[in-house]
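Q: Quick one: the structure is below, questions incoming.
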Amino acid sequence: MYKRSHFQEIVKRLKEPRRFIQVITGPRQVGKTTLIQQVIDEITPPTIYISADGIVNSNASWLNQQWQNARLKSKSNQYSGLILVIDEIQKIPNWSETVKANWDADK
C-alpha cells in the first residue's frame, strides 16, 4: 500500500514523549484521513479516532465530552498512552481554544 510522504514523520512524532499537539492540515481531498488511518494502523499506543464530520451539534461541549471519554479510557491500564485523533476538527467553532484548555488540564 502506498504511504504518504509524511507518514514516517508523523509516526516518529507520535512515538516521542508527550510535548506537542500534532495537527495535520492541507487542501481537501489530498489524503489526510487516509494518512492518519495508516499511521493509526502502524503505531503501538492505543488510539481513539473520532470525526466531527456530519455531527450536527459538534461544538465545544461535544469536543470536551470526547476528550473526557478519552481521559477515562486512558486511566485504565489497557489504554495507557492513548492517542486521541479528531478528524475534521475545523468544523467545530473555536476548536483550538477547547483543545488548548483540555491539553493544558492534562499536564
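The values are calculated or read from the model by the stated rules, or taken from the named source; none is laboratory data. Quantities reported herein were computed from a predicted structural model and do not represent experimental measurements. Remember, those area values only see protein heavy atoms, side chains included, never the ligands or the DNA or RNA. Shrake-Rupley method; radii C 1.70, N 1.55, O 1.52, S 1.80 Å.
Q: With θ set to phi - 60° and the Karplus curve 6.51 cos²θ - 1.76 cosθ + 1.60, what are the ³J(HN,Hα) couplings of region 98-104 in order, to the nearest whole Hz, using x for Gly and Pro?
A: Karplus-based 3J(HN,Hα) across region 98-104 equals 5, 5, 4, 4, 5, 4, 5 Hz.
Q: Please identify, among Ile92, Ile24, Ile83, the residue showing maximal mean-square fluctuation in a Gaussian network model of the chain using a 10 angstrom Cα cutoff.
A: Of the options given, Ile24 has the highest mean-square fluctuation.
Q: Tell me, what ³J(HN,Hα) does each residue in region 15-26 have, in order and in whole Hz, if you take phi through Karplus 6.51 cos²θ - 1.76 cosθ + 1.60 with θ = phi - 60° and put x for Gly and Pro?
A: With coefficients 6.51, -1.76 and 1.60, one gets 8, 6, x, 4, 9, 10, 7, 9, 10, 10, 10, x Hz.
Q: Which far-off residues, 5 or more places away or on another chain, put their amide H under 5 Å from the one on Ser51, with H placed in the peptide plane?
A: Placed amide hydrogens put Asp87 under 5 Å from Ser51.
Q: Continuing with this model, one more query. ³J(HN,Hα) across region 61-68 via Karplus (A = 6.51, B = -1.76, C = 1.60, θ = phi - 60°), whole Hz, x for Gly/Pro?
A: 5, 4, 5, 4, 5, 4, 5, 5
Q: I've got another one for you. State the dimensionless ratio Rg/Rh of region 1-102 (Rg: radius of gyration of Cα atoms; Rh: Kirkwood radius).
A: Using only Cα positions, Rg/Rh for region 1-102 is 0.95.
Q: A further question on this structure: Using a 1.4 Å probe and counting only protein heavy atoms, arrange Asp53, Asp87 so the residue with the most accessible area comes first. The partial results should precede the final answer.
A: Values: Asp53 85, Asp87 30 Å².
Of Asp53, Asp87, the descending order of accessible area is Asp53, Asp87.
Q: Who wins for biggest fluctuation among Arg71, Arg28, Arg13 in a Gaussian network model of the chain, springs between alpha carbons below 10 Å?
A: Highest fluctuation of the listed residues: Arg28.
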